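Asker: Before we start, here is the structure in question, set down as C-alpha cells.
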Amino acid sequence: MAAMVCADFNATDSSSTNFAACLIAEESAADLADVAAGLDIFYLLFAGSLVFLMQAGFAMLCAGSVRQKNVKNIMLKNLLDACGGALGFWSIGFAFAYGSSNSETKSFIGGSNFFLSDIGTTIDLAEDLNPGAAYIGFFFQFAFAATAATIVAGTVAERCKMSAYLCYSIFLTGFVYPVVVHSIWAGNGFLSAFNQNPPLGVGVIDFAGSGVVHMTGGATALVAAKILGPRIGRFYDADGIPLPEPKSFPAHSVSLQILGTFILWFGWYGFNPGSTLAIASPTAGAVAGLCAVTTTIAAATGCVTAMFFSTIIEQRKTGEATYDLTMAMNGALSGLVAITAGCSVVAPWAALVIGFVGGLVYYGFSSLLVKLRIDDAVDAVPVHFANGAWGVIAVGLFAEPGRMAAAYTDAAAEHSGWFYEWGQGSADASLLACQVFCVLWVIGWVGATMIPFFFVLNMLGLFRVDPLEEEVGLDISHHKGSAYDLSAPDKDQVEELLARQATAHGKVEAPSAGEDA
Amino acid sequence: MAAMVCADFNATDSSSTNFAACLIAEESAADLADVAAGLDIFYLLFAGSLVFLMQAGFAMLCAGSVRQKNVKNIMLKNLLDACGGALGFWSIGFAFAYGSSNSETKSFIGGSNFFLSDIGTTIDLAEDLNPGAAYIGFFFQFAFAATAATIVAGTVAERCKMSAYLCYSIFLTGFVYPVVVHSIWAGNGFLSAFNQNPPLGVGVIDFAGSGVVHMTGGATALVAAKILGPRIGRFYDADGIPLPEPKSFPAHSVSLQILGTFILWFGWYGFNPGSTLAIASPTAGAVAGLCAVTTTIAAATGCVTAMFFSTIIEQRKTGEATYDLTMAMNGALSGLVAITAGCSVVAPWAALVIGFVGGLVYYGFSSLLVKLRIDDAVDAVPVHFANGAWGVIAVGLFAEPGRMAAAYTDAAAEHSGWFYEWGQGSADASLLACQVFCVLWVIGWVGATMIPFFFVLNMLGLFRVDPLEEEVGLDISHHKGSAYDLSAPDKDQVEELLARQATAHGKVEAPSAGEDA
Amino acid sequence: MAAMVCADFNATDSSSTNFAACLIAEESAADLADVAAGLDIFYLLFAGSLVFLMQAGFAMLCAGSVRQKNVKNIMLKNLLDACGGALGFWSIGFAFAYGSSNSETKSFIGGSNFFLSDIGTTIDLAEDLNPGAAYIGFFFQFAFAATAATIVAGTVAERCKMSAYLCYSIFLTGFVYPVVVHSIWAGNGFLSAFNQNPPLGVGVIDFAGSGVVHMTGGATALVAAKILGPRIGRFYDADGIPLPEPKSFPAHSVSLQILGTFILWFGWYGFNPGSTLAIASPTAGAVAGLCAVTTTIAAATGCVTAMFFSTIIEQRKTGEATYDLTMAMNGALSGLVAITAGCSVVAPWAALVIGFVGGLVYYGFSSLLVKLRIDDAVDAVPVHFANGAWGVIAVGLFAEPGRMAAAYTDAAAEHSGWFYEWGQGSADASLLACQVFCVLWVIGWVGATMIPFFFVLNMLGLFRVDPLEEEVGLDISHHKGSAYDLSAPDKDQVEELLARQATAHGKVEAPSAGEDA
C-alpha cells in the first residue's frame, strides 16, 4: 500500500492546498487498504468453506467404500472429525501451530492464542489490526486440521472402536499435526521457508500441505492399520492361515464414492489456490491462478494414468479390458495430493509429470500394501502418504525459479528444483535436500508419537472392536441398525390402490369428503 | 469512501497543478468505489449461492429421513420450494419485506418494488446507483425465503398433500415470512435494530435469522404438524388407541442424511458470514471472520453435546453404549440454528455455550414432541423452532458491547447482553427484552396467520392424503412409482457373458464384425 | 483505472510538493489495480470451481437416470470427461479457441498458446501482464469445455463403448467445441460480438453459452443417439418390430437425480454470472447481479411449467393427477439452459417468459424424440440442444438496449431484441438474424464434423457394445461388477450379538481381555 507521508509533507510545505491534496490521496489509500482487507478475508472464507466441504467428500468416499454394515459408523466418524477438529484446534491446536509465530527465535511449538484468546475486538487497519483476518485465518487452518484427521478414518474403517477414534483424532489435531504445521509453515518453525533464516537458505517448500496435511494423516493411517491388523477375512481365514489370494470386500456404493471424489476435487480449489492466504496483491493473484491450473492438470493426469495402467496390467493377465473406477478415483486423488506441495512453484507441464508419477505411485504402493498384508479399507495410505511424500520430493525436482520468487521470496528462488539447477550447470541440491528431510521428519515425528500411542491403546484393548461385532458390522452393534431401509410398501395395499385408481371411482374426492382426505 | 472536494478545492485555489493532483486522487477514489461495489456484489453472489445449495442439503436430509415409499414426494417438495420461493418472493415477497424500507416512518409491511420493478438499468456510482447491488440483494434474500419454506417440508412429510404444500409455501414466502423480515430487518421495521429509533434504544438483534428464518419456518412446521396429525402407526394403532411406546420409522438412507447435514453446514458459511451483506469495509471483514468462527464452534459443540448426552441417557437405560447419528446430525444443525442470531456479536467461548445449550434444547424438545404425540418426520421443529428461539434469546444474554459496535452501531452497543450488563453492575435488560419480545412476536404472528390457514385447509380436506395413499406411500400413489429400482440384470445372461469371457473366444471382436458390436 | 500523468506533470511543474502528491495518487492507483486484478482472478476461481462442480451434478443426474446395471459405466465416463477435457483443452483446445485472438483479422481457429506455453511468469501490471489472469481464464474455460463434453455422456448411456466415448470426447473438446468458441467468443471470431467489426453491426450475443456450450453438446448428443440407435427393448422388440408403446426404463435412483439437479443449478451461478469474466468494475457488477436473478427466475419457471403442463396432459388422459419428478428436474435445467445466452441482457420478466417457453420446448421436444424413436437415456437433447437453440433465439427477441450497453457495447445496443425494435417502430432484425444464424452455424458445424465421425466409428464397430454386454449391463461386463452391494450381515451372527447384548454379560469388557477386544 502507498506509504503515508502527509504529516511529513505538511511539515516541509504548509501550503494548505497541497496538504489537502495529500490528505485526499491518503484517505483514498486507507480506503483501499480497507477494501483489500475485506477481500482477503472473503478469499479465505471462500477457500476455507471449500476445504470444509471436503469433509463431505471424505464421508461419501469412505462410506461408499465400506460394506453396507459399517456405513453409519464411518460417516459418524467423519462428522465427529469435523467437530473434534474444530474444538481441538480452537482450544489448543492452533496455539501450538501458530502461537507467537512472529518471534524471531525458532521454536518447536507455538505457545499462545489458546482458545483464540489473543484476538481482540479492536479494528485498526493503520496498525494492521483486523480481528476478522485473525479469525478467518483460524477458520482456514481448522479446515486443514480436520482434513488431516479424517484421512485416517477410512483406513481403519470397519474395525476401529469409536472411543479409540475419538482419542487419536483429538491427539492428532491437538498436538501431532500442529507440531508439523509449526515446523514447516510458522514463521519461526525450524524447517519453515517463511523463516528469516531458513535451513540451507531455502527451507521446506510445501505450499498447501502434501507433507504437512496429507503425509501426516497418511502416516498416522499407516501406523494405525499396521497395529490394528486387517479386517477379518481379508488376508487370513478363520484359523489365521493366510489366504492364497487376498479377498476384496466390495464397495457398497460406487455412486457415493464418485460423488465424494468430485466433491474432494472441487474442495481442492480451495485447498491449493487458497493457500496463498491472500488475493489482494498481484503476486497472490498470479500464484492462485497457477495453482488452479496445476491442480487440474495433475488430477486429470493421475486419474487417467492409474486407470489405464491398471487396465493394461489386467488385460495382460485376463485378456479382458476392464476399466476400474477405484483406480480412476484414487488416481485423481493421488494427482491432487501430489501437486499440493508444488502447485504454486511448478509449470503446468511439470504438473502433468507429477500427476503421471502420482498415478503410478498409487498403483505401486497399493499393491505393496496388499503384499505386506496391511489392510487399508479405502486405500488412503497410497493416496495420502505415498503421494504426499512424492509431492514433497517433486518440489525439490521441478520447482521453477521464477515461480518460487512469486510464491515465496527472491532469496528462496536462488535454490530451485534440482532439474533447473542441473540445467544451469549448478550442483545446488539445497531444496531437494530440504524436501527429503521434510519427508523424513514427518515420518519420524508421526512414528515417534503415534506408534507408542496406538500400541498402548491396543494393549489396553481400546483399539479394536469385538470380532462378533465386526462380523455383524458396527452399524447394528453400535448405531441402532442398518444405514438403509429400502423395504417396499405392502403389496396388497399397492394393488388395492392401483385398482382404485384404475376404476377412478373408488377414490373419494377431497372436497366432498374432508374427513378421510 | 474519500469525500470528493476537488470542485471546492478548485474554487479556492485555481493553481492548475494542484487541481490536477486532486483530480487524480478523485478519479482514483471513484475507481476504488467501483472495485468495492463489484466486490460486494461478488460477496453476495458467493453467499447467496451457498445458501441456495442448502436446498440440496434439506432435500437430502429430508429424503434420507423418510421411508423409501415417500422419497420422490419429499424431494419434489424441496425442489418446488426453491421454485415457488423464487417466483413468490420476486413477485410480491421481496416488496413486502423491503419495499420502501428507506422511509423514515415505521411500517408493518413494505409496498414497492413488486417484480423488482424499481430496479433500473442505469449505473451511477456517484449516486450510489448500481442495479447489480439491488439484484444481488434480492438473490441473497430469495435464498433465505426459500430456506424458511423448506423447513416445513420435512416435518409434514409422508402425509401432506402436494396441493396443500404449494398453497402454504406460497402463502409463507409471499406474505407471512416477508412481514417478519420487514419487522426485524428492514430499515423502517417496527422492531428493527436498523431503525433510526429502535425499540428500547436497541431493537432486535437477529443477525442472520435464528428468529426471522428458522423460528418462522419452525413455528409454521409446528402448527402444521399439530393440525395435520401424526403419520398412521406412529403414535396410535389402527383403532386410534395410543400405542404403549411410539413407533419410530426408520430413515431410508442415513448416507443421504449425512450428506445433507454436511451440505447444510457448508451452506451456513454463506448464511451467517454473508449476512454482513458487504465485505469491502474493515468492519464487515471483521464481522464476517468472527461469524465463520462462531458458526463452526457452535455446530461442533451442538453435535457433540446432543450425541453424547443421548449416549449417556441410553446407556443408563440399556447398559449398551450406542452412538446415534440422528442426534449427531440434528445436534450440529441445532448449534448452527442457535448461533445464527448472534454469530456476529458473541465471543467464540459464548458460541460454545450457545451450541452446548442448543444440543440439550434439541434433545429436550424432541422428547417433548414425542410426549405430546406431535409427529415431526425429521425433527425440524426442535432444530429450527426451539433452537431458533434459543438463539434469539441467547443474543440477549451473550452479546458483547465491542462486537455489537462493529456489527451494528455504537448506540446499539450501549445495550448489550444481560451477562455483560450484569458484569458491569447495570440493570439494563433492554436487549434481552427486545429478544424475548421477538420470540413472542414471531410465535404470535405465525400462529395468528398459520393456524387459521391450516385449519381451513384441513376442514376443506385439502391438507392430508387419503389413508390408503399414505400406507402405500406417496411415490406410488402420486409420482408414478418408487424412487429406486435396484433390480439386477438377468442371471442367465450374466452367466452366459461370464462364460464367454472365460473362454475368451466366443466374444466377437469389434473390428471384424461391425454389425453387432 | 486512473490515467497516470505524474511524469508529464513533473515536466510542466517541477514543484517538488505537487509532484510528491501526484506520486502518492499514482502509487495508490497502482495499488488499486493490484487489488482489482486479484479480485478478478478470485472471481473466476470461484465461478470456475462452481462450473467444475457441475461435473458432479451431471454425474449424479446421469447415474440416477440409468438402470442399476450401468451406473459405474456412466459415472466413469463423467469422471473421464473432466480429465480428458482438462488435458485436451490444455494441450490444443484452448489454443484453437482463444489463441492469438487479439489479432484484428477474423480467423476460423486460433493458433497459439498450445499447452499454455504463451503464459510467462513475469508480473507487470503496468503492462497489464499477470500470468494469474491468463491461467485462471484457462481454468474457467476448461470447466466450460468439460461441460460441453459431458452433456453427451447421458444421451448415449447404457450402450456406448468406452473407447468410442474417449475418442469423441477428445475430438469434441480438442477441436469441434473450440472452433465454435472461437467463432462466437474470441475477439477475432467471425460471428463474435467482441469483434471490432461484428456481423450486421452486432454479432452473436450468447453471453454464457446456450449455443456455444449447450447446443454444441446437445447437437453432438443428437447425432450420436441417431447413429447409435436405441437401447435394446426401448422402441423395438427382439425381432426388431416396433413396440406399440415405447418402453420406459426406470431411473435407478431419483435421489441421485435430484441431487444432481440441485448441484447443477448451484453451478449455474458460476456459469452465468461468472461469464462477466471480471467483477472489479461497476458494469461487471451490474451484469453479474442481473445474471443471478434471471438465472433463478428462468430455472424456477421452467421447472414449474414443465411439471404442471405434464400433470395437466396426464390428468386428461388418465384422470389421475401425478407429479412427475423427471419433468420438474428437466424443466428446471431447460430454464437454466435457455437463459444462459441472454441472462445478462434481458429483464427479469423476460427471464420468466424464456423459462416458461423453455419448459414447453422441453416437453415438446422430448415427446418428438420418442415419436422419432431416437433414444436419449437422460433427455439431454431436449434440455441442451432444443433449449440451447431457444435460448439463443430468445436473445434476438428480448435483449434490452440498456442492458446490452452494460453487458456489451453501446454500438451493440443499437441493434437490440426484435420486440424492442418493434416497440420503437424499427424494422431492425439484425440481432435476431445473427442469433438465428448462430443456431444454424452450430447445427451445421457439429453436423459436418460429427456425423462423419460417428458414422465411421460405427462402421468400424467401435461405437456400440455387444448386445449381450448391453443386456447384462456395462458394470458387470466392463467394470468388475455392480455399483452396489447392499447385502446384509449374516442373520445368525446378528442374533448372536443381540442375544449377547440382551444378557449384557456375554460381552467381554475391553480392559479385562485385551486380546479379543
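Asker: Pop a pseudo-label 7 angstrom from the Cα along the beta-carbon direction at both C:T318 and A:L440 and give the gap in nm to one decimal.
Answerer: That separation, rounded to one decimal, is 7.2 nm.
Asker: Using only Cα atoms, tell me the angle between helix C:282-318 and the longest principal axis of chain C; keep it within 0 to 90° and round to the nearest 10.
Answerer: 30 degrees
Asker: Oh, and also: What residues qualify as long-range amide H neighbours of C:Y236, i.e. H under 5 Å apart, gap of 5 or more or another chain, H built at 1.01 Å from N?
Answerer: C:L243
Asker: Let me ask something else about it. Taking the highest mean first, how do the peptides A:305-316, B:295-306 order by number of other beta carbon atoms within 10 angstrom per residue?
Answerer: Details: A:305-316: 18.6, B:295-306: 30.7.
Packing order, densest peptide first, comes out as B:295-306, A:305-316.
Asker: Given the pairs C:K106/C:K226; B:K480/C:K247; A:K371/C:K72; B:K491/C:K480; B:K491/C:K371; B:K72/C:K480, which span a C-alpha to C-alpha distance of over 24 angstrom in this model?
Answerer: Numbers: C:K106/C:K226 34 Å; B:K480/C:K247 14 Å; A:K371/C:K72 27 Å; B:K491/C:K480 16 Å; B:K491/C:K371 32 Å; B:K72/C:K480 30 Å.
Pairs exceeding the cut-off: C:K106/C:K226; A:K371/C:K72; B:K491/C:K371; B:K72/C:K480.
Asker: Please name which of A:F235, A:F171, C:L172 has its Cα lying farthest along the dipole of the protein assembly as shown towards the positive end, using unit charges on Cβ (Lys, Arg +1; Asp, Glu -1) and the Cα centre as origin.
Answerer: So the residue furthest toward the plus end is A:F235.
Asker: I'm a student and want to see the number: the projected area of the Cα convex hull of the protein assembly as shown, averaged over all directions, in nm². Before the final figure, lay out each step's value.
Answerer: Values: hull surface 228.0 nm².
Taking a quarter of the hull surface, the average projection is 57.0 nm².
Asker: Calculate the FRET efficiency for C:T105 and C:A411 from the Cβ-Cβ distance with a Förster distance of 25 Å, rounded to the nearest 0.05.
Answerer: Working: r = 20 Å, r/R0 = 0.79.
That pair, C:T105 with C:A411, gives E of 0.80.
Asker: When you look at the Cβ of every residue in B:472-479, what mean number of other chain Cβ atoms sits within 10 Å?
Answerer: Working: counts 11, 6, 1, 3, 7, 9, 6, 7.
Per residue, the number of nearby Cβ atoms from other chains is 6 on average.
Asker: Using helices alone, I'd like the mean residue ellipticity at 222 nm for the protein assembly as shown: each DSSP H run of four-plus residues gives -39500 (n - 2.57), total over residue count, nearest 500. Walk me through the numbers on the way to the answer.
Answerer: Working: 57 runs with 933 residues, N = 1551.
My calculation for the protein assembly as shown gives -20000 deg cm²/dmol from helical runs alone.
Asker: Can you list, shortest first and in nm, the gaps between the label point of A:G444 and those of its counterparts in the other copies, using a point 7 Å from Cα in the C-beta direction?
Answerer: Label-point distances to the other copies, shortest first: 7.0, 7.0 nm.
Asker: Within 10 Å of each Cβ in peptide A:378-390, how many partner chain Cβ atoms are there on average? Round it to a whole number, please. Provide the component values of the computation, followed by the final result.
Answerer: Details: counts 0, 0, 0, 0, 0, 0, 0, 0, 0, 0, 0, 0, 0.
Partner Cβ neighbours, averaged per residue: 0.
Asker: With r as the distance between the Cβ atoms of A:L277 and A:F175 and R0 = 35 Å, compute the FRET efficiency 1/(1 + (r/R0)^6) and round to 0.05. Before the final figure, lay out each step's value.
Answerer: Working: r = 24 Å, r/R0 = 0.67.
Calculated value: 0.90.
Asker: Taking a label point 7 Å out from Cα toward Cβ, give me the nm distances from C:S117 to the same spot in the other copies, shortest first, one decimal.
Answerer: Copy-to-copy label distances for C:S117: 6.0, 6.0 nm.
Asker: In addition: At what distance in nm do the modelled label points of B:D239 and C:L200 sit from each other, each positioned 7 Å from its Cα along Cα→Cβ?
Answerer: Modelled inter-label distance: 7.8 nm.
Asker: Quick check for you: which residues of the stretch A:231-271 have the amide N under 16 Å from the point 7 Å beyond the Cα of B:L486 toward its beta carbon?
Answerer: Taking a point 7 Å out along Cα→Cβ of B:L486, the residues of the stretch A:231-271 whose backbone N falls under 16 Å are A:250-257.
Asker: How about the stretch B:99-192: which GluC sites (Glu not before Pro) there are in a DSSP loop, with at most 16 other Cβ atoms within 10 Å of their Cβ? Don't jump to the answer; show the numbers that get you there.
Answerer: Values: sites: B:E104, B:E127, B:E158; in loops: B:E104, B:E158.
In loop regions of the stretch B:99-192 (DSSP not H, G, I, E or B), the sparsely surrounded GluC sites (Glu not before Pro) are B:E104.
Asker: Tabulate in residue order the Karplus-calculated ³J(HN,Hα) for the stretch A:176-183, using 6.51 cos²θ - 1.76 cosθ + 1.60 with θ = phi - 60°, rounded to whole Hz; enter x for Gly and Pro.
Answerer: Taking θ as phi minus 60°, the curve returns 5, 5, x, 5, 4, 4, 4, 5 Hz for the stretch A:176-183.
Asker: How tilted is helix B:162-171 with respect to the longest principal axis of chain B? Cα atoms for both, answer in degrees (0 to 90, nearest 10).
Answerer: The angle comes out at about 10 degrees.
Asker: Pick out, from A:A448, B:T105, B:L462, the residue whose Cα sits farthest towards the positive end of the charge dipole of the protein assembly as shown, with +1 on the Cβ of Lys and Arg and -1 on the Cβ of Asp and Glu.
Answerer: Comparing the listed Cα positions along the dipole, B:L462 ranks first.
Asker: Something else about it: How far, in nm to one decimal, is B:W349 from itself in the other copies if the label point is set 7 angstrom along Cα toward Cβ? Shortest first, please.
Answerer: Distances between equivalent label points, in nm: 5.8, 5.8.
Asker: A follow-up question, please. Per the Kirkwood treatment, what hydrodynamic radius in Å, one decimal, follows for the stretch A:38-479 from the mean inverse distance over all distinct Cα pairs?
Answerer: Numbers: mean 1/r = 0.0458 Å⁻¹.
That comes to 21.9 Å for the stretch A:38-479.
Asker: In addition: Please list the non-local residues whose amide H lies under 5 Å from the amide H of B:L129, H modeled 1.01 Å from N, same-chain partners needing a gap of 5 or more.
Answerer: B:D124
Asker: How far is helix B:16-65 tilted, in degrees, relative to the longest principal axis of the Cα atoms in chain B, given as a value from 0 to 90 rounded to the nearest 10?
Answerer: 20 degrees
Asker: What does the structure give for A:402-410 when I average, per residue, the other chain Cβ atoms found within 10 Å of the residue Cβ? Kindly include the intermediate steps, with their values, before the conclusion.
Answerer: Details: counts 5, 2, 1, 2, 5, 0, 0, 0, 0.
Shielding by partners across A:402-410 averages 2.
Read the figures in this text as sums done on the coordinates, not as results from a lab. Since this is a predicted model, take the numbers as computed values, not measurements. Glycine also receives a Cβ, built like all others from the backbone with ideal geometry; neighbour counts cover every protein chain displayed.
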